[in-house]
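For reference, the structure discussed in these notes is given below.
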Amino acid sequence: MINTYRILPVYTGDVSGVASALYELGGMVVMHDPSGCNSTYNTHDEVRWYDRESAIYISGLSETDAILGNDKKFIDDILFAATEIRPKFIALCSAPIPYLNGTDFVGIAKLVEQKSGIPAFFVESNGMHDYSVGVSKAMLALAKKFVKESGDKTPVNVSESKEKNKTKANLLGLTPLDINGNATRVINTYSDYDIVSSFCMNSSIEEIEKAWAADVNIVVSVTGFEAAKWMEQEFGIPYIVGRNITDADKEIIRKSNVVINENDKVYLVGEPVYMRTLATYIGDSFKAECKMINPLECILDKTEAWMEEMHTQGEEDVEEILKSADIVLGDPLYRYVSEGKRFIDMPHLAFSGRIFLKNIKEFLD
Amino acid sequence: MQTTDYEIAIKDSDFPKPFKNGLEYNASVHGTWNIVHIGLQMPEAIQVYVCAKNCMRGVILTAAEMNASDRFSFVIINEENMISENIDDVTIEGVCDVIEKRKNSGCYPRAIQLFTVCAHHFLGSDYNRIYGTLESRYPDIDFYRCYMDPIMQKKGLTPDQKLRRAMLEKLKVCEPKENTAAILGSDFPLDEHSCLMRFLKENDIDVRQNKTCKTYDDFISMSEAKLFIATYPAAKAGVEKAAKVLGRDFMYMPSNFDLEETENQMRALVEYLGISSELKTDTREIMNNRLKERLISLLNELGKTEIVIDYTVHPRPLGLAKMLLEHGFNVTKIYIDAINPEEEKAYEWIKENRPDIILAATIHVNRRFKKETDRSEKLLAIGQKAAYFEDTPHFVNMVAGFGLYGIDGMIAMAELMEEAFLNEKDTRDIVPRKGLGCESCV
């Protein structure tokens, strides 16, 4: 059965993905759930929680309120919190039970916005998908709510003199879930561009609002793809898909001490845009035969897939596929299903959580 | 001190809910145990969860962080399973698939703690059919009915309490053995130096506990005990029920900081056993004096140092505060969201005698932005949450009472306070770790 797992974990869930995407923007994110979503998120999926404040809460839904459809408490609690902390926006997301009882989140968001005067929106979620879906939908919802053509094209964060000759770009798809915490490391590789906004790390909501002024969108993880497509449709901004390789990435491969021979079959498991970057580097440098394994629910359109990509659905599937590999590159927990293979550890926060955080920090430092 | 809606003077508070419910903040403090830590105390058992991805993530990584991934499997359910299919069939076939995979890899389980979730309740799952089918297909495996259903926790037993109860449901009906007692349902074993443990041992009572069981058979054999004891409040419902089902005697002896309450508990035990009322090694008077001396010595050391307590450290945080206040310590604040009904007496005492003591919520929305910093004076926190919110490196790193009991437990607490006062700890590193006392790979 594709739904059963003996030893591997699941990726971060969609609700955590929503919270992660919106973390740095000064908004308030409310998970409509009895308990657990918030704790799981801040323990395993959010490396910023201890040191950087963000208004992310859980509703504490009770059995009685769920059965009787008592949305009033939920709405009143949101309004009370909004009055107390005055967030820049209010985003709602849903766990399985509100999904099952058909809670009208769009209506609730509208009501909350009317009563509080604070922009509010629902990010479609139900706790049954992985983070790539949650992040992707959050970025799209954010863009739809805040990115509106208005005023001049000068980015908020770039001085006039500096930006004249550079192409203006948005970076789409940045969360610690995929880039292991250090956004600056990734953003710095795009110094040839004037960065208008980066969805959604190291940018303010005011910078996000200016995203329409960019000349190009750069999709640095699969989670930014939907927002890119929408902005192309809405503002005519073209997009490219790809993440620049960094010295730290190369260093991880070098330090793994795994010998990569010509024509070795190297299977890369993880977030597809990043894995393509690494696959390109490994293919070019070692003449190895690289194959992409995408275990996430979000996928790129075929037109964007410049490299063959296999999708997996669960532990059984990935275990079977990896049997043909000579070398596996992926999160260290994939070692459980890669017996006898040479293995390059590439910790992925969205998979192993904080288990290998110390290793990640080591290579980032 | 100025009060707010998340920090109020005890004199202005209501019992047992001092704060209004609302959206909840979750602090980056995770030393208390969850259902994974508790359940995996059962030797050789594995856990199988059947739930949606987002709900699964927390428990599976709890197991992974405690290096117990090999004792954890799961079945993911999605929209189709819930709406178009029969969730009970998905549960049954999923669990069977897990068992077959384990059989093929040479790790066939003796016992499975099967956790169903909120969605099973909402979709009207037939639990008898689920468990009945599994038991008939795998008669050599014990299936435990466990729940990860936090939606139910505001009424009745919490998932934690239900798990402690479920873990005792396969204890076998058998003849009790004379001079045996089992202390059941606690996260931590009862301290060997506690007056209760010493008393039982001095009187040749064979004491069995969860933690001391090495095998599944050891665990099941705890049913032979003639007397079942619960010292931890969350264990009471389960242990009492197990005693009733098996026809055992039951005593509830919750750990506390009240000499009179402890003495009453010990007296009841003495009467039950029909034996000498004093420890052979220590008279009660000697122990009382030792506690008094220890507290005086600690007070001399701490002076007017501010002390802040939180509810995660022990099931009786108000009782602890009362004891310290009675002995002259400068307790100023207690982090607590709801008050254990067993603490009503301590609550009333503090309200009457120290009405300005602050009760502080930990989950209130504003708590997210109210971490104390830039303190010039040393502050002693008792508990991880107090340490986190007060941003102090001086804290007693303990959860759920740590198995302390009686006067010896009170003395041990004083020693832990002294150690915390004298030495700094790395709060940032320690408090986000899950399950204090369990293995942790982070």
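The values are calculated or read from the model by the stated rules, or taken from the named source; none is laboratory data. All values derive from a computational prediction rather than experimental measurement. FYI the Cβ positions are ideal-geometry reconstructions off the backbone, even for glycines, and counts take in every protein chain you see.
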Flag for B:E93 being at the interface with another protein chain (Cβ under 10 Å from one of its Cβ atoms), at pLDDT 95 or above and surrounded by fewer than 24 Cβ atoms within 10 Å (Cβ to Cβ): yes
Test: residue in the range B:234-250 that is within 18 Å of the chain's Cα centre (by Cα) and among the β-branched types (V, I, T): yes
Check A:I78, A:I7, A:I90 and return the single one that is more than 8 Å from chain B (Cβ to nearest Cβ) and of a type in the set (V, I, T). A:I90
Checking B:L184 against (1) aliphatic (A, V, I, L, M); (2) over 25 Å from the mean Cα position of the chain (by Cα); (3) buried (at least 22 other Cβ atoms within 10 Å of the Cβ); (4) away from every other protein chain (no Cβ under 14 Å): exactly one of these is not met. Which one? (2)
Look at A:E297 and say whether it is in contact with a His (Cβ under 6 Å, 6 or more places away or on another chain) and not in a helix (DSSP H, G or I). yes
In the set A:K137, A:K144, the lone residue that is crowded, with 23+ Cβ neighbours inside 10 Å, among the charged types (D, E, K, R), under 30 Å from A:E271 (Cβ atoms) and more than 8 Å from every other protein chain (Cβ to nearest Cβ) is A:K137
Looking only at the range A:334-365, count every residue that is away from chain B (no Cβ under 11 Å), closer than 24 Å to A:G17 by Cβ and in a loop (DSSP other than H, G, I, E, B) and tell me the total. 3
In the range A:56-92, which residues are surrounded by fewer than 22 Cβ atoms within 10 Å (Cβ to Cβ) and on the phi > 0 side of the Ramachandran plot? A:G69, A:R86
Number of the condition not met by B:E224 [criteria: (1) more than 20 Å from the chain's Cα centre (by Cα); (2) buried (at least 18 other Cβ atoms within 10 Å of the Cβ); (3) at positive phi]: (3)
Is one or more of the residues making up the range A:269-284 surrounded by fewer than 15 Cβ atoms within 10 Å (Cβ to Cβ), out of contact with any Ser or Thr (no Cβ under 9 Å at 6 or more places or on another chain), basic (K, R) and in a helix (DSSP H, G or I)? no
Within the range B:24-57, which residues are free of Cβ contacts under 8 Å to residues at least 24 places away in the same chain and of a type in the set (S, T, N, Q)? B:N54
Filter the range A:93-133 for residues that are part of a helix (DSSP H, G or I), surrounded by 21 or more Cβ atoms within 10 Å (Cβ to Cβ) and within 10 Å of chain B (Cβ to nearest Cβ) and give the result. A:P96, A:I97, A:Y99, A:Y131, A:V133
Go through A:D331, A:D317 for me and flag whichever is of a type in the set (D, E, K, R), in contact with a helix residue (DSSP H, G or I) (Cβ under 6 Å, 6 or more places away or on another chain), touching a residue at least 40 places away in the same chain (Cβ under 8 Å) and within 13 Å of chain B (Cβ to nearest Cβ). A:D331
Filter the range B:378-396 down to the residues that are crowded, with 24+ Cβ neighbours inside 10 Å and not in a helix (DSSP H, G or I) and list them by number. B:L380, B:A381, B:I382, B:G383, B:F395, B:V396
Quick one: B:V399 ticks every box in (1) β-branched (V, I, T); (2) farther than 20 Å from B:A321 by Cα; (3) crowded, with 21+ Cβ neighbours inside 10 Å bar one, so which box is it? (2)
Return the residue satisfying two criteria in turn: it lies in the range A:18-55 and is in contact (Cβ under 8 Å) with a residue 60 or more places away in the chain and part of a loop (DSSP other than H, G, I, E, B), and of such residues it is surrounded by the fewest Cβ atoms within 10 Å (Cβ to Cβ). A:R48
Screening B:R137, B:R129, B:R110 for residues that are within 28 Å of the chain's Cα centre (by Cα), more than 14 Å from every other protein chain (Cβ to nearest Cβ) and surrounded by fewer than 18 Cβ atoms within 10 Å (Cβ to Cβ) leaves only B:R110
Residues of the range A:62-94 that turn out to be of a type in the set (A, V, I, L, M) and modelled with pLDDT under 95, as a count: 4
Quick test for you: out of B:M152, B:M82, pick the one residue that is within 14 Å of another protein chain (Cβ to nearest Cβ) and touching an Asp or Glu at 6+ places or on another chain (Cβ under 7 Å). B:M152
Residues in the range B:290-313: is at least one touching a Cys at 6+ places or on another chain (Cβ under 9 Å) and not in a loop (DSSP other than H, G, I, E, B)? no
Taking B:K11 and the conditions (1) under 22 Å from B:P432 (Cβ atoms); (2) outside any loop (DSSP other than H, G, I, E, B), which numbered condition does it fall short on, given that it satisfies the others? (1)
Residue selected from the range A:1-17 under the condition assigned to a helix (DSSP H, G or I) and closer than 26 Å to B:V95 by Cα, by the criterion farthest from the chain's Cα centre (by Cα): A:V15
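Is it true that some residue in the range B:342-356 is over 24 Å from B:T262 (Cβ atoms), in contact with a helix residue (DSSP H, G or I) (Cβ under 6 Å, 6 or more places away or on another chain), modelled with pLDDT of 95 or more and more than 14 Å from chain A (Cβ to nearest Cβ)?
Yes; the residues of the range B:342-356 include at least one that is over 24 Å from B:T262 (Cβ atoms), in contact with a helix residue (DSSP H, G or I) (Cβ under 6 Å, 6 or more places away or on another chain), modelled with pLDDT of 95 or more and more than 14 Å from chain A (Cβ to nearest Cβ).
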Give the residue, chosen from A:E113, A:E124, A:E149, that is charged (D, E, K, R) and modelled with pLDDT under 95. A:E149
